[in-house]
Amino acid sequence: MRTRERGSSKSQIPNPKQISMSKLSNPKRTGRGAPAFGSLGFWILNLFEIWCLEFGISLPRRPGVLLLCAALLVACMGGIANAQAYDAVITGGHVYDGSGGPPYVADVGIKDGRIAAIGQLQPGTARTIPARGLAVAPGFINMLSWATDCLLVDGRSQSDLRQGVTLEVMGEGWSMGPLNAAMKQDMAQSQGHLKFPVEWTTLGEYLECLVRRGVSTNVASFIGATTVRVHTVGYEDRAATAQELRQMRALVHAAMREGAVGVSSALIYAPGSYARTDELIALAEVAGQYGGLYISHIRSEGDRLLEALDELIALARQANVAAELYHMKAAGQANWDKCDAMIQKIEKARAEGLRITADMYTYTAGATGLDATMPPWVQEGGHRAWVTRLRDPAIRQRVLKEMTTPSNTRETGPSAGGWENFYLLAGVPDNILFVGFRNEKLRPLIGKTLAQVAAQRGTSPPETIIDLVVEDDSRVNTVYFLMSEENVKKQIRQPWVSFCSDAGSLAPEGVFLQSSTHPRAYGSFARLLGKYVRQEKVIPLEEAIRRLTALPAGNLRLDRRGKLEKGYHADVVVFDPATVRDHATYEKPHQYATGVLHVFVNGIQVLRDGEHTGAKPGQVVRGPGWKGQPR
């Protein structure tokens, strides 16, 4: 460890008369005693002389007395400065500032929502948080959060906050705005256990609604390409017309000015999968004009993984925009060996000057709905049309046939009619786990695999999938075991990979217990720090913290977030590197992580000794295109 001061008031001598410090920059500007005292003594002497001249005080004649007086004055001034009125001081912790460099022992002073000083501080009357032996880091950034509706119901953001997350970045393909009248009605009618009024129209209004209601974490969002398409084109499987594309671009312009951090796509799900590449380029160009990011759940993470990645890279090049790969993975055992080629493609693009990055969660299973097991054509027109078609015996037989046809015999993309078949990617029905139903009668099936439910019902696994969608009148929340542990570690080692949960921010209480979830909702970040950093030493702690903080903040071009530096927003996490760990499992996912002791959001403590304080100081964190007040 090394000890140093950053931004400490000890290194900044206050001057109540605002004396020009340029007089002190060159020792040759005065002649009294310089050879005897050296540069530091000479600097102190210079300051004392100027101070005395300003206030009409006679200088002592003997150089030794003169220097002693000057030193005493400076010491007093330093003490006064160092005792400035902080709101809180985190004392004696190992500071990991987000740069990726080694930690150093220091105090962190917080004042008015900002980092006021880092160094050896005198707290004065400020509240102190002892952190000896603990890590002090910038708050973590969740690059893919599905807390969109959770935070409307419970703004405490407990499952993420207790892992050190201070910023939820939402909007994978779908964003909570802009909405038209029909979209508002659909959102209200499709709500499951989490009920909320739809009180907004634009994406910016949604984020402001969260803050008005009260949230403990900060919030940000991409504008979803799927949302823009539905707003303009609807649920039809066709290319947008020139007029529609102009309208879609106008919606992206408006969202970027409201503070969206970029534009996102989710290209395995209807109706987002209906978008052609040229449509995505047109939208990404708009985000790029504001310095925003294009981020994508690419068209395939399995059989056509490398081809889908080629589309992302080509789009970044043509749209002149930074691009990120959502929840990086090689899905399906037959595709595990593609991980190296995926990494090599990204490295090659980065070497060419393209700004390509990725994020990931720290598990070998993903989670989505049963819609990912069915072809997009049967889902055209939206949810109601999809369920209606599945009741038609002829259509049902066609869907059953396509569900069991290997997808690598077809191209993936809207023009080819291909799709990402999660039923086959999972390999066997035992690798598909049900975690959420709307229908009360079906909730006993939560926690069972597709194999178990099919055997219980006496139907084939594909038939069981179709029956469950119809009976639940939903896409059914489902976990799919798809990835290899070796590849998870390989991806964690890449310096351009940040982290996400790809889940809501929940609590093991109330309405959240009416369904199960993926353990990543409670453990993705703590699992990185406990399992992959401390236990398996895949990457060092300082690098993990960089990738949880400064890397995503830089990719999103956030203003003064993601580092512990003077003047930055005081989003701070204090945790024990020796004990931090996840506890959530697939069988019992509703379990908080432990080891995170204190969390500050915008300078307000929201977690104290591992317990929520009840504070909700979260703000909207806006992207570089924001045209309102300073961010």
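In table form, for the structure just shown:
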read-out: Residue-level accessible surface for residue 513, protein heavy atoms, 1.4 Å, Å²; value: 90
read-out: Cross-link partners of residue 195 among aspartates and glutamates (Cα-Cα below 18 Å; sequence separation of 8 or more within a chain); value: 149, 154, 186, 440, 472, 473, 509
read-out: Residue 395 versus residue 99: modelled label distance in nm, points set 7 Å from Cα along the beta carbon direction; value: 6.0
read-out: Inter-probe distance in nm under a simple model that places probes 7 Å from Cα toward Cβ, at residue 187 and residue 377; value: 3.3
read-out: Contour minus Cα-Cα distance for residue 509 and residue 439 (0.36 nm per residue); value: 23.2 nm
read-out: Long-range Cα-Cα pairs in the range 240-281 (distance over 16 Å), rounded percent; value: 42
read-out: Cβ-Cβ FRET estimate between residue 535 and residue 560, R0 fixed at 35 Å, reported to 0.05; value: 0.55
read-out: Base-10 log of normalised Debye intensity for the range 345-473 (one unit scatterer per alpha-carbon) at q = 0.11, 0.12, 0.15 Å⁻¹; value: -0.48, -0.56, -0.80
read-out: Volume per residue of the C-alpha convex hull in the range 295-374, rounded to whole Å³; value: 98
read-out: Where only alpha carbons of the range 134-268 are counted, the Rg and the Dmax (Å); value: 15.7, 57
read-out: Extended-chain gain in nm, criterion 0.36 nm per residue less alpha-carbon gap, residue 364 and residue 242; value: 39.8 nm
read-out: Reduced Cα scattering model of the range 99-147, Debye log10 I(q)/I(0), q = 0.14 Å⁻¹; value: -0.49
read-out: Calculated FRET value between residue 579 and residue 446, using beta carbons and R₀ = 25 Å, to 0.05; value: 0.20
read-out: Equivalent ellipsoid semi-axes, the range 500-548, via Cα gyration tensor eigenvalues times 5, rooted, Å; value: 27, 10, 7
read-out: Loop-located GluC sites (Glu not before Pro) in the range 312-374 whose Cβ has at most 12 other Cβ within 10 Å (DSSP); value: 352
read-out: Exposure of residue 616 as accessible area (Å², to 10), given a probe of 1.4 Å and all protein chains; value: 90
read-out: Residue-count net charge about residue 585 - beta-carbon cut-off 15 Å; Lys, Arg +1, Asp, Glu -1; value: +3
read-out: Kirkwood hydrodynamic radius of the range 175-235, from inverse mean 1/r over distinct Cα pairs, in Å; value: 12.4
read-out: Virtual spin-label span in nm between residue 355 and residue 405, 7 Å along Cα→Cβ; value: 4.2
read-out: Percent RCO, i.e. relative contact order, over the range 107-204, from Cα pairs under 8 Å lying at least 6 residues apart; value: 22
read-out: All-pairs alpha carbon distance profile, the range 278-420, 5 Å steps from 0, percent; value: 2, 9, 16, 19, 17, 16, 11, 6, 3, 1, 0
read-out: Euclidean distance of C-alpha centroids, the range 517-532 and the range 174-232, integer Å; value: 27
read-out: Residue pairs, from the table 338/531; 338/490; 441/588; 338/489; 490/537; 401/441, whose Cα atoms sit over 19 Å apart; value: 338/531; 441/588; 401/441
read-out: Spherically averaged projected area in nm², based on the convex hull that wraps the Cα atoms of the range 466-614; value: 11.2
read-out: Nearby aspartates and glutamates by direct alpha-carbon distance to residue 348 (threshold 14 angstrom, same-chain neighbours under 8 apart not counted); value: 310, 340
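The values are calculated or read from the model by the stated rules, or taken from the named source; none is laboratory data. Source: prediction; values computed, not measured. So basically every Cβ, Gly included, is an ideal-geometry build from the backbone, and we count neighbours across all protein chains shown. The protein model used for the area step is the full one, side chains on, heavy atoms only, and it has no ligands, DNA or RNA in it. Shrake-Rupley method; radii C 1.70, N 1.55, O 1.52, S 1.80 Å.
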